[in-house]
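All remarks here apply to the structure that follows.
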Amino acid sequence: PPLQVGLLSGICLIVGTMIGSGIFISPKAVLLYSGAVGPCLLIWAACGVLSTLGALCYAELGTMITKSGGEYSYLMEAFGSLVAYLYSWTTVMVLKPSSFAIITLSFAEYASTPFYPGCTPPIVVTKCLSAAAILLIVGVNCLSVKLASYVQNFFTAAKLFIILVIVGAGIVMLAQGKTETLSNAFDGTPSSVGAIGLAFYNGLWAYDGWNQLNFITEELKDPFRNLPLAILIGIPLVSVCYVLVNVAYFTVMTTTELLLSPAVAVTFGDRVLYPLSWIVPLFVVFSTFGSANGSCFTAGRLAYVSGREGHMVKILSYISLKRYTPSPALIFNGVLSIFYIIPADINTLINYFSFAQWVFYGLTALSLIVMRFTRKELHRPVKVPIVIAGLMVLVSCYLVLAPIIDKPDLEYLYCTIFIFSGLLFYYPFIYRRVNWARKLMRPITMHLQLLMEVVPPEKTE
């Protein structure tokens, strides 16, 4: 029988995948876009509520359609193969690599900050470091699944530890009466509609991973009880941690200091834990490294599912013969991530990522509503009020449109063009299945197979 995941493991999985690099990068941006301490903390809390609602929608979908591949399967059922294809195209080409790039960039920022006391590390250094991290993580994941999961468990413990240290120190600081920054929390300029949208992007980036349980519904024990429970315990738990971490930051830094700090948690460590302040950058590096590893771990999954449906180049769904790892998908993801690192900084990448991501979160919530009418006959063990799904659709409309209306950046346009450019490939290669494309791909696939020693997944069983 497959791995049985109980309630506790389910909660740990949610907490472990959600707490990643986000809480160490995002506080600056959330504060910057929200304008003051009060709105900033409210936005962190609101992001938690949103993630919980989104995850509950996903719980209904996941127990109703028990296929692997998350959103892909739901969009396929509700809207047919075109939307599902655009989703897999966007995820494989934009979402996975850019999220991998953001995480390794933040890893590099924290790893290099201690060596440049008092100033921000040179961009060349952080970019080279993050490229090195990508190569290393892809290497580990290509070599063995077991090694990757050991790495994962160790790093999950590391990130919970550092969060507890920061929150604990923050509570001590509050008890000592360090509340200047918090006492005038709502002083400052109110933000524009679009800026609040961007603050949400950065906050929600830290919560990203609330849909991870859906990738393993098949392995949950008693999913109809445990899936909603794990969500209702796990995500609020993370939200409380996040708000407390931000409160802790504000006990030792004014808003200006927080915005100027090259790495917020490191500054916090220097002020509070001084002889032991090296603990913070070390453990943040562990944490970001762990989430990069986790992001790499799931990247193969979708490529495999869409390759099986014929929506992606077949070679991406192949598996290494000796090591049983999806190395082509991993290597492809790594190469794309390195391309994303070269031009951009973290904030641009996060806005770029969230824009595309929320288009599909909205569509997935919409698919829940659509299937309530078109697929009445499907058994729904977990049923959420349809209002929640409606709310998710509205919120994602807001999150996608507000930043564009407020400040139309070219990157959103590029992103949209990119999503729809997938159509150029869809019509000839998937809808029509033209012959010359197959003739062209066959020798290429064969050479790559020989080079990487990979086979179609059916062959390894």
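The values are calculated or read from the model by the stated rules, or taken from the named source; none is laboratory data. Here the structure is a predicted model, which means the values were calculated and not measured. Glycine also receives a Cβ, built like all others from the backbone with ideal geometry; neighbour counts cover every protein chain displayed. Note: areas computed on protein heavy atoms with side chains; ligands, DNA, RNA excluded. Shrake-Rupley method; radii C 1.70, N 1.55, O 1.52, S 1.80 Å.
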Residue check for residue 61: out of contact with any Asp or Glu (no Cβ under 9 Å at 6 or more places or on another chain) and outside any loop (DSSP other than H, G, I, E, B): no
When residues of region 11-31 are limited to those that are open to solvent by less than 10 Å² (accessible area, probe 1.4 Å) and touching a Cys at 6+ places or on another chain (Cβ under 9 Å), the one farthest from residue 149 (Cα to Cα): 31
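Going by the conditions given, is residue 237 open to solvent by 10 Å² or more (accessible area, probe 1.4 Å) and not charged (D, E, K, R)?
Yes; evaluated as a whole, the condition is true for this residue.
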Within region 45-56, is even one residue more than 17 Å from residue 388 (Cβ to Cβ), in contact (Cβ under 8 Å) with a residue 60 or more places away in the chain and open to solvent by 10 Å² or more (accessible area, probe 1.4 Å)? yes
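One residue is enough: does region 296-303 have a residue meeting the conditions on the phi < 0 side of the Ramachandran plot and part of a loop (DSSP other than H, G, I, E, B)?
No.
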Quick check: is even one residue across region 148-155 surrounded by fewer than 18 Cβ atoms within 10 Å (Cβ to Cβ) and closer than 23 Å to residue 452 by Cβ? yes
Residues being assigned to a helix (DSSP H, G or I) and of a type in the set (Asp, Glu): count how many of those fall in region 403-414. 2
Selection within region 301-360 - among the aromatic types (Phe, Trp, Tyr), open to solvent by 50 Å² or more (accessible area, probe 1.4 Å) and under 24 Å from residue 214 (Cβ atoms): 304, 324, 332
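Answer yes or no as to whether residue 441 is of a type in the set (A, V, I, L, M), farther than 19 Å from residue 93 by Cβ and either assigned to a helix (DSSP H, G or I) or more than 23 Å from the chain's Cα centre (by Cα) (or both).
Numbers: of a type in the set (A, V, I, L, M): yes; farther than 19 Å from residue 93 by Cβ: no; either assigned to a helix (DSSP H, G or I) or more than 23 Å from the chain's Cα centre (by Cα) (or both): yes.
Considered against the rule, which asks whether it is of a type in the set (A, V, I, L, M), farther than 19 Å from residue 93 by Cβ and either assigned to a helix (DSSP H, G or I) or more than 23 Å from the chain's Cα centre (by Cα) (or both), residue 441 comes out as no.
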Among the helices (runs of 4 or more DSSP H) contained in region 197-290, which hold 3 or more residues that are hydroxyl-bearing (Ser, Thr, Tyr)? 223-252
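Only one of 400, 387, 370 is surrounded by fewer than 12 Cβ atoms within 10 Å (Cβ to Cβ) and part of a helix (DSSP H, G or I); which?
Answer to the check: 387.
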Against the condition among the hydrophobic types (A, V, I, L, M, F, W, C), within 21 Å of residue 249 (Cα to Cα), touching a residue at least 60 places away in the same chain (Cβ under 8 Å) and open to solvent by 20 Å² or more (accessible area, probe 1.4 Å), how does residue 224 come out, does it pass? no
Here are some conditions: (1) at pLDDT 85 or above; (2) crowded, with 19+ Cβ neighbours inside 10 Å; (3) closer than 30 Å to residue 119 by Cβ; (4) touching an Asp or Glu at 6+ places or on another chain (Cβ under 9 Å). Residue 284 meets all but one. Which one does it not meet? (4)
What residue, of 237, 260, is out of contact with any helix residue (DSSP H, G or I) (no Cβ under 7 Å at 6 or more places or on another chain), within 26 Å of residue 38 (Cβ to Cβ) and among the aliphatic types (A, V, I, L, M)? 260
In the set 58, 72, 87, the lone residue that is over 29 Å from residue 344 (Cα atoms), aromatic (Phe, Trp, Tyr) and within 19 Å of the chain's Cα centre (by Cα) is 58
Among 248, 265, 230, which is within 22 Å of residue 161 (Cβ to Cβ) and in contact with a strand residue (DSSP E or B) (Cβ under 9 Å, 6 or more places away or on another chain)? 230
Would you confirm, using the coordinates I've provided, whether residue 67 is surrounded by fewer than 24 Cβ atoms within 10 Å (Cβ to Cβ) and assigned to a loop (DSSP other than H, G, I, E, B)? yes
What are the residues in region 213-234 that are of a type in the set (A, V, I, L, M, F, W, C), at pLDDT below 85 and more than 20 Å from the chain's Cα centre (by Cα), if any? 220, 224
Looking only at region 73-126, which residues are modelled with pLDDT under 90, within 18 Å of residue 358 (Cα to Cα) and open to solvent by 40 Å² or more (accessible area, probe 1.4 Å)? 96
